[in-house]
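Asker: First, the structure itself, so that you have it in front of you.
The values are calculated or read from the model by the stated rules, or taken from the named source; none is laboratory data. Bear in mind that the values here come from a model prediction, so they are computed numbers and not experimental data. Reconstructed Cβ throughout: ideal geometry from the backbone, glycine too, with neighbour counts over all protein chains shown.
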Amino acid sequence: MRAEASALQGSMPARAGIGLRAQHHLHVLAAAAPAAWFEAHTENYCADGGSHVECLMKVRERHPLSLHGVGLSLGSTDPLDAGHLATVRRVVARFEPGLVSEHLSWISVDGRFANDLLPLPHTEEALRHVSRRIAQTQDALGRQILIENVSSYLEYRESSMREWEFLAGVAAESGCGILLDLNNIHVSAHNHGFSCEDYLRGIPRHLVQEFHLAGHSRIQSAGRDILIDTHGAPVCDAVWRLYRDALRRFGPRPTLIEWDTDIPAFHVLQTEAQKADALSTPEHDVAA
């Protein structure tokens, strides 16, 4: 499985890509070189046909592609949804992406679904549970997947390890790779008071295969300043600094510009991608 995944992932350039959104389909198809690569949300392209599927097929013919899912609920105690997993397998087979990713989270309990990516308690029991489910997913898909760290706003009293220890442990136990979302690290670090630098140092270099960059918003709640992962703004200066630190720690990786709400004109996303590419240059030596 890992040899096959490595060959597929070799097609993904260590440059900045852009999240494909329906508002930009026609522009992307008409432009000569809109981005180095694109990411599509898996669940948006599950239909057997239609204009969205046809568009993504054309994009895939011209550009490297990753598929990023939100629906597997890998951390849930509900049984893995065999029907949805089969659908994901069909989508992966159809588009042959270089990378396939999901979230280290849960969204369902007793068959009821939340409209959010909810964090797991960082315990040994949860680590073993979600690792088994990731391994089952990889077996069903016939390839390695990447798991993304999510932002969070509350912490579990039961947690016995730090978030980065849990993430690295899940990857080691299941054989998955890591999609390191740097905005999510910044958001959670602000909300919970931990160090972004400790987080980066706590993740083994070889596990990280992709970065995500995005924007967030700020609210006041119960007298506290809280960051919310909205994906509706430019990447802030603090996250750009964290990206520089990640480049020194891990070296260049495929890096996605994510923007999901208040989606701007496509050239705004291109400008963000160009900034990421300008930072990801050979002089960024990997730090010890």
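Matching residues to (1) assigned to a helix (DSSP H, G or I); (2) among the β-branched types (Val, Ile, Thr):
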{"position": "49", "(1), (2)": "no, no"}
{"position": "52", "(1), (2)": "yes, no"}
{"position": "59", "(1), (2)": "yes, yes"}
{"position": "71", "(1), (2)": "no, no"}
{"position": "77", "(1), (2)": "no, yes"}
{"position": "84", "(1), (2)": "yes, no"}
{"position": "92", "(1), (2)": "yes, yes"}
{"position": "100", "(1), (2)": "no, yes"}
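Asker: While we're here: List the helices (runs of 4 or more DSSP H) that sit entirely inside the range 124-225 and contain at least 2 residues that are in contact (Cβ under 8 Å) with a residue 12 or more places away in the chain, at negative phi and aromatic (Phe, Trp, Tyr).
Answerer: Working: elements: 124-141, 163-174, 182-192, 196-201.
Qualifying helices (runs of 4 or more DSSP H): 163-174.
Asker: Count, please, the residues in the range 13-44 that happen to be under 13 Å from residue 269 (Cα atoms) and in a helix (DSSP H, G or I).
Answerer: Within the range 13-44, residues that are under 13 Å from residue 269 (Cα atoms) and in a helix (DSSP H, G or I) number 4.
Asker: Right, next: Just give me the residues in the range 19-63 being touching a Cys at 6+ places or on another chain (Cβ under 9 Å), closer than 19 Å to residue 256 by Cβ and exposed (fewer than 14 other Cβ atoms within 10 Å of the Cβ), in sequence order.
Answerer: 22
Asker: Among the residues of the range 235-284, which ones are touching a Lys or Arg at 6+ places or on another chain (Cβ under 9 Å), aliphatic (A, V, I, L, M) and free of Cβ contacts under 8 Å to residues at least 60 places away in the same chain?
Answerer: Correct list: 235, 247, 279.
Asker: Restricting to the range 235-288, what's the tally of residues that are under 17 Å from the mean Cα position of the chain (by Cα), part of a loop (DSSP other than H, G, I, E, B) and modelled with pLDDT of 95 or more?
Answerer: 6
Asker: Okay, moving on. Which members of the range 64-76 meet the condition of being over 15 Å from residue 254 (Cβ atoms), crowded, with 22+ Cβ neighbours inside 10 Å and of a type in the set (A, V, I, L, M)?
Answerer: 72, 74
Asker: Here is a further query. If you take the residues in the range 102-123 that are outside any strand (DSSP E or B), over 15 Å from the mean Cα position of the chain (by Cα) and of a type outside the set (Gly, Ala, Ser), which one is surrounded by the fewest Cβ atoms within 10 Å (Cβ to Cβ)?
Answerer: Going through the qualifying residues, I end up with 110.
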